[in-house]
Amino acid sequence: MYYEDYYLGMNIIWWVVWIILLFWIFAIPFDIPGQRRKKDSAYDILQKRYSKGDITESEYYDKKKILEEKFKIS
């Protein structure tokens, strides 16, 4: 049998599709639609700033109190 425009059973269009698909899966894993990371909440940001030492303990508790009043978090 003679296959003029076929390469290992698939034509060149399917090879291009598979190469693009594999590149998309392995090279750009965080840009897949629907797989975006959830943004940090204000409370998470406050905890990170306190743990890094950007704000003092009194500032942390003041801001935490404001967030609890505004957003009713525990």
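When the range 22-74 is examined, which residues are found to be among the aliphatic types (A, V, I, L, M) and at pLDDT below 90?
Hits for the range 22-74 are LEU22, ILE25, ALA27, ILE28, ILE32, ALA42, LEU67, ILE73.
Output the residues belonging to the range 9-21 that are at pLDDT 80 or above and either open to solvent by less than 100 Å² (accessible area, probe 1.4 Å) or of a type in the set (Ser, Thr, Tyr) (or both).
Just the residues of the range 9-21 that are at pLDDT 80 or above, to begin with: 13-21.
Hits for the range 9-21 are TRP15, VAL16, VAL17, LEU21.
Filter the range 41-74 down to the residues that are hydrophobic (A, V, I, L, M, F, W, C) and either open to solvent by 100 Å² or more (accessible area, probe 1.4 Å) or not in a helix (DSSP H, G or I) (or both) and list them by number. Steps first, answer last, please.
Narrowing the range 41-74 to residues hydrophobic (A, V, I, L, M, F, W, C): 42, 45-46, 55, 66-67, 71, 73.
Residues satisfying the conditions are ILE55, ILE66, PHE71, ILE73.
The values are calculated or read from the model by the stated rules, or taken from the named source; none is laboratory data. This structure is a prediction, so every number in the text was calculated from the model and none was measured. Accessible surface areas use protein heavy atoms only, side chains included; no ligands, DNA or RNA. Shrake-Rupley method; radii C 1.70, N 1.55, O 1.52, S 1.80 Å.
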